[in-house]
Every structure is written in C-alpha cells, then in structure tokens.
Amino acid sequence: MKGKFNIHELVRESVRELRPYSSARDEYVSDGSEMVFLDANENPFNNGVNRYPDPQQRNLKALLAEQRGVATENLLLGNGSDEVLDLIFRAFCEPKTDNIITLPPTYGMYKVLAEVNDIENREVFLTPDFEPDVDRTLKNTDQNTKLLFLCSPNNPTGNRFSKKRITDLLDSFNGLVVIDEAYIDFSEAESWIVQLRDYPNLIVTQTLSKAYGMAGIRLGICCASPEIIAVLNKIKPPYNVNELTQQRALQQVLQKEAVQREVRSILYERHELMKVLPEFDFVVKIYPTDANFILVKVDDAHKRYSQLLGKGIVVRNRSTQPLCENTLRLTVGTQEENKKLIEALESLN
Ligand SMILES: *Cc1c(COP(=O)(O)O)cnc(C)c1O
C-alpha cells in the first residue's frame, strides 16, 4: 500500500459507528475466584456446557498467539475460516458499492461470500503457471476495491505464490490483502504472519481444518494488526466459537508433535503419489504442490472421475475452474487409502 495507511478509512460507515452488543460474559470476566453466576439466564445445573463459552476465547488464543509469535490482540477466531472471511466482507465492503479482487482458479468461497454480501467480484485469472499477474491485478482496482484475496498455497492448484509477487501486491494495493494460508502447514514456506508488522494492510487466515485434523469442530484463525482485529471483534457474533470447539482445539493445539507426525506422514505419502502418478498413460500433467492434495490433468476428467467413483473412490473434478480443464484434485490420504487409489487407477481402461 502506498502512503499512509488508515484502516478507519476502509471500514464501512455503519461499522465505524456501531456500538457492539456487550454480552454477560464480556461484562464480567472471572478472575478465578468462586462467584455465583446469575447474569446470563443459563441453566445452573452443571453438565459441562451449561454456561456460555468465553466470547474472546482467551485460553485458546493465548496458546495460538504464543505458537505464532504474535500477541492475542493480533488474533480473531471464528466458526471456521469461512466465518472469518465473511466477517472481513461485512466489516469493509459496502454492498452494491464496493468490490473485491479474486484470482481464479482459487477457493470458491470468496466468490460465494461476495455474492451473499452483494459485492462485485472482479476476477483476474492467474498466469498459466498459476501465479498472480500483478499488473493485471492492479489495473483492475479502483477507489472501491477493498479486498484482494490471495490463497497461498492455492486451492485447487496446490502451488504457493512467489514471494516477490505477493510483496509487490502488498506494496502497491491500497486495500486489504487477505492471504489465505489454509495449507501453510504442508508448505516449506514461512507464514506471512511474520510480515504483519511491515504491512498494516495484511490479513492472514489459517484454519484447524486441514493439517490439524479438526475440520469437524470448525475453527478458523485470523491474524492481523490490532486495529483490524478490533474492527472484526466489534461485529462478530458474541459466542461464535462454541465451548466444545474451544476445548477440543486447545487439546489438539497442545499436541504439537502428534500433529507434526501426521503432517510428515502426509508429506511422505504425497511424495510417493507424485512418483507413481506419471506412470499412468491417462495422466497428462501433474502440478507442483505445497498442499495436502495434488492437481492432476488427465485425458478426460469426467470419465476418470466416474470410473474412480465406480470403484468407491471420491476425488474432486475441478474442470469447471478456469485454466483447470480436465483436472482432478486428489487429496492425500493414509498409506492404505492411497494404495486403494493406485490400485483403482491401475485397473482403469
Ligand atoms: C479448506 C479451506 C479453508 C478452510 O475453511 P474452514 O472454514 O476453516 O474449514 C479455507 N481456505 C481454503 C483455501 C481452503 O481450501
């Protein structure tokens, strides 16, 4: 971003003026002493979840902040990153007026959220090697371009974007740059979180849904400047991360070594798959990947998808995405699952 950056100029007027709802659990914060809670109309009989959850998720945030080397003021947690992304739209994009930029082929939720929030989505296709086209991206911006979504490593292509191109976009774009790092734990690249101090217009999102193996509990992480986080905090639903999720997430994030073991195993299995896939004559191209999936171009994606389905294997046909004609996206499974995939591929004709 050029010149002096002022987040308050980007915030929607209604959000700037909003006085947030203050929940019971926001007004009184326990200091650990025995208190009688008669403030939130809860059922008093203890079953583990009869109380409202901590609206600021303090314990979980403290641990996540420590692991990421940031302050808790740099974090907002959501009901999956999908909620985090929606909050970003609602905080900064005025319906029917503002616009965003996405770089297809990419994660489908940005477009859906733009539609739901009545925001124009300007699509600037990636280059043939799936990198952002910096000049074309910047040419498509105007006064009302609030957000630019960069998914790196990118879904469904699997590659991470070049550092230089992301830096160029961060330097030149006057709105907020959202870097979606759902797959960062599978990549050798460092997270962009370390750049938060240098770029006040940077938002990094992460999730427990992929490497952490917790897609079912829905926990998304947003890292940004304390000013951006304060804006998002103002509009988030008070109890957006439920008690069971906070508890399970805390347990899992503490199991750092177990998670790393699983990631290493997935990376090993990915390597093995990358070795055998070129042997199939219907495989036309295998794209480089920094994620827990492999994008493969085949002779006829619809045909191969159906054949695999017939053998009990569900993959994702990504052919409708631009630049992805006849591609299948294969998630790396366990050794046993991958063996089944290979056997099924061997039996295709
Ligand atoms: C899977 C995925 C997410 C995760 O979303 P959650 O709502 O946290 O499960 C986010 N971004 C991308 C690009 C993904 O592929």
Completion exercise
Looking only at lysines whose Cα falls under 26 Å of K146's and that sit 8 or more positions away or on another chain, we get K2, K4, K96, K111, K163, K164, K234, K236
Problem - Label-point separation, E346 to D31 (7 Å along Cα→Cβ), nm - result: 6.8 nm
Problem - Gained length - N144 relative to Y239, 0.36 nm times residue gap less alpha-carbon distance - result: 31.1 nm
Handout entry: the chain: C-alpha gyration tensor shape, a/c 1.5 cut-off, then a/b vs b/c
Key = oblate
Exercise for the section: Work out how much length L38 to R261 would gain on full extension: take 0.36 nm times their residue separation and subtract the Cα-Cα distance, in nm to one decimal. Expected result: 75.8 nm
Fill in the blank from the handout: With label points set 7 Å from each Cα along the Cα-to-Cβ direction at R58 and K96, the distance between them in nm comes to 4.3 nm
Practice task
Check segment 257-346 and count each lysine pair with an alpha-carbon distance under 14 angstrom, considering only pairs eight or more places apart or from different chains.
Solution key: 6
Fill in the blank from the handout: Here the FRET efficiency for T320 versus D129, based on Cβ atoms and R0 = 35 Å and rounded to 0.05, is 0.95
Exercise for the section: Starting from the Cα of A215, step 7 Å along the direction of its Cβ; do the same at A189; then give the gap between the two resulting points in nm. Expected result: 2.3 nm
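We did not get these values from a lab; they are worked out from the coordinates using the rules stated. Computed from a predicted structure; not experimentally measured. Positions of Cβ are backbone-derived with ideal geometry, glycine not excepted, and every protein chain shown enters the neighbour counts.
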